[in-house]
Structure formats: C-alpha cells, structure tokens
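**Q** Before anything else, here's the structure in question.
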Amino acid sequence: MMRRALSSTPRCSITVVRSSHGSRRTMSPVGSGASCSRSRILRLSVPASALNTRSSGFSRPAFFLLLTTFIICYIFITYLASVRRGGTMRNYTVGTQIARPVADVYDAIVSSNALDRYFTDRSSGDLAEGEEITWHWREWGDFPVTVKKLERNRRIELALDARRWQKTQDDSYEVLIIFEFEALESGGTKLSISEVGWKRDADGLKASHDNCSGWTQMAMCLKGYIEHGIDLR
C-alpha cells in the first residue's frame with residue numbers, strides 16, 4: 001500500500017499485524033475484520049526501490065570474458081591430460097577389442113613372423129628398443145620405423161619419418177605411433193593405436209587421414225588373425 005511521504009522519494013508501507021488471542025502470539029502479513037480491531041498494527045516505511053529484487057545480470061563484455069576464460073581453461077586441461085598420457089595432442093586414435101590375452105596381442109605386433117601373417121609382406125626383424133625396423137609391402141615399398149619404447153603388455157612407441165614415408169616433400173619431421181594395451185575383465189584386450197605429430201598443413205592432414213585408415217585395417221586384420229587364424233588382406 002502506497003502513502004504520501006514528506007520527501008519526494010516514493011515509499012512503500014508494509015503492514016505487520018501482531019495478533020494476541022489469549023496467551024498465544026502469532027505473526028501474519030495481513031489482518032482483517034475483528035482481528036484487526038484487537039491487534040497492534042506496526043507500519044514500516046521503506047523506499048520502494050529497496051524492494052526491487054530484480055538482478056541486473058551480466059553485461060555482455062563480462063559474459064564473453066567468462067566464456068573465453070572457460071574455453072581456455074578447458075583446452076589447457078585437455079592438453080595436460082594428453083601430455084600425462086604420454087605425448088602432445090594426438091592426431092587421432094583407433095582401436096578394437098580382441099578376444100585374446102594382452103600378451104598374445106602384444107607379441108603379435110612385436111614379432112616379425114606374426115606381423116608378416118596379417119599386416120606386412122616382409123618385416124626386417126622383431127621390434128627391439130632403439131632399433132630401426134623396415135616394413136615392406138610389394139605394392140608400396142619400404143617403410144622404416146624406429147622403436148622408441150617397449151613396455152611389455154602395456155605400450156609400444158614407434159617413430160616414422162614423414163619424408164621417408166613419402167608423406168611430404170618438405171623437410172623431414174618425426175611422427176610418433178603409439179600402441180596401448182588394456183586387459184579386460186573378460187580376458188580379452190582393448191587395443192588403441194594413435195599418432196602424434198602430423199603437421200596441420202595439407203600434406204599432414206592427408207597423411208594423417210591415410211594412416212588412420214591404414215591402422216584401422218591393421219587392427220581388424222590383427223583381430224581376424226589372432227582370433228580365427230585367418231588373413232583378411
């Protein structure tokens with residue numbers, strides 16, 4: 001209820017009714033009829049603006065600053081998680097589940113004899129840390145890899161040279177191939193294959209896409225060979 005005040009500021013009158021029936025005292029926002037005649041009425045006058053609870057909200061610049069900060073933090077956290085997994089941002093990851101123990105899957109990649117049965121036409125030797133191994137295909141030629149790390153039943157890291165793999169005409173640079181093995185409760189294995197280091201130019205993107213397709217085929221051929229003893233090539 002509004003009433004005229006001495007000042008020019010609009011003021012709002014709030015009525016609080018304290019009723020006293022017997023020994024009980026209750027509070028109610030309004031009183032009517034006979035109850036009002038037996039009650040003490042307290043009126044408080046406050047500026048109308050004090051009752052305005054509408055929030056002014058974020059300004060547009062503040063909103064966009066908050067959004068930008070969130071995006072930057074998300075990218076940074078994602079980057080740190082990738083580094084903790086062993087490398088910088090990965091170009092891609094492919095994978096499959098194989099119904100064989102981790103040791104069998106690991107050995108089928110390390111062993112040149114096994115590799116020639118489902119993937120390469122000829123491999124120069126078993127994978128050994130620090131060694132350069134050449135994979136050969138009659139249709140495409142030789143593709144050398146350097147063995148960076150072997151963690152039995154856990155991880156294999158190989159490095160390829162983009163120029164020697166005929167993926168670029170520019171200066172040589174290294175790309176990391178990562179095989180990761182995870183034992184499943186079923187007794188099988190989850191195999192993941194990633195590449196790290198392709199440049200973001202036209203040659204690098206094409207090479208990344210080509211190799212993604214190649215490693216997908218390799219994973220499927222490995223699955224067919226190790227589970228069923230067949231060559232899917």
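**Q** All but one of (1) within 25 Å of the chain's Cα centre (by Cα); (2) in contact (Cβ under 8 Å) with a residue 60 or more places away in the chain hold for Leu222; state the number of the condition that does not hold.
**A** (1)
**Q** Let me ask something else about it. Looking only at segment 125-150, how many residues end up being aliphatic (A, V, I, L, M) and surrounded by fewer than 14 Cβ atoms within 10 Å (Cβ to Cβ)?
**A** 1
Coordinate-derived values only; no laboratory data. Owing to the predicted nature of the structure, the values given are computational and were not obtained by experimental measurement. Because the Cβ atoms are built from the backbone with ideal geometry, glycine has one as well, and the counts that use them run over all protein chains shown.
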